[in-house]
Amino acid sequence: MPRTVLRCRPGFTLLETVAVLLLLGVLAAAVLSRFSGDTGFEASAEWDLLRSRLRYAQSLAMSSDMIWGVGFTSDSYQLYQVVDNAPQAQPFPRETATSVNLSRMTIFGPPASIAFNGFGTPVDNAGVPLAADTTLTTSVRSIRVVRNTGYIP
């Protein structure tokens, strides 16, 4: 009786190829939806920079035991220090102007500012701790500052 030898062919099966193409399609759709239109790479980077600058104001307050904060308009923001109950604008590191203009993102509504005391707790400009979490709404995503702790997720 003749023996038939089965040979293994190198390569992928049709099922494996379709599965890989389907997975690549899903990943491409997720990436395109995340970084297309008004919420592109630049807007996301601008949002990350604003969030890190809020953390910077918090660290300044904790290291100097003074009130530091960031004030907002719809298209700009600025760092300030409260001296004698009055905010005084200060430039961010590597910035010459005291106000930073937003080119890829818009800030909506309140709060007009977010300030921190020497413990890193969010406060108003008089130093009174805030009663609730503060949310800064932007055209990209919202930034939440947790009351009592000042945590910025």
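Most fluctuating residue of Leu32, Leu23, Leu102 in a GNM of the chain with Cα springs under 10 Å: which is it? It is Leu23. Note on the chain: with a GNM built from Cα contacts shorter than 10 Å, the maximum mean-square fluctuation among Thr121, Thr137, Thr17 falls on Thr17. Apply the a/c threshold of 1.5 to the C-alpha gyration tensor of the chain and tell me whether it is rounded, prolate or oblate. Prolate, because a/c is 1.5 or more and a/b exceeds b/c. In the elastic network of the chain, a GNM with C-alpha springs shorter than 10 Å, the most mobile of Ala57, Ala30, Ala89 is Ala30.
How large is the accessible surface per residue of the chain, computed with a 1.4 Å probe and reported in Å² as a whole number?
Numbers: 10120 Å² over 153 residues.
Here the per-residue accessible area is 66 Å².
Using a 1.4 Å probe on the protein chains only, how many percent of the accessible area of region 19-150 belongs to carbon and sulfur?
Numbers: 4320 of 7460 Å².
Ligands and nucleic acids excluded, carbon and sulfur give 58 percent.
Using θ = phi - 60° in the Karplus curve 6.51 cos²θ - 1.76 cosθ + 1.60, the 3J(HN,Hα) couplings for region 70-86 round to 10, x, 10, 10, 5, 10, 7, 8, 8, 7, 9, 10, 8, 10, 6, 6, 10 Hz; x is entered for Gly and Pro.
The H on the amide N of Ile67, modeled in the peptide plane, is under 5 Å from the matching H of Val82, each at least 5 residues off or on a different chain.
The values are calculated or read from the model by the stated rules, or taken from the named source; none is laboratory data. Please read all numbers here as calculations on a predicted model, not as lab measurements. Accessible surface areas use protein heavy atoms only, side chains included; no ligands, DNA or RNA. Shrake-Rupley method; radii C 1.70, N 1.55, O 1.52, S 1.80 Å.
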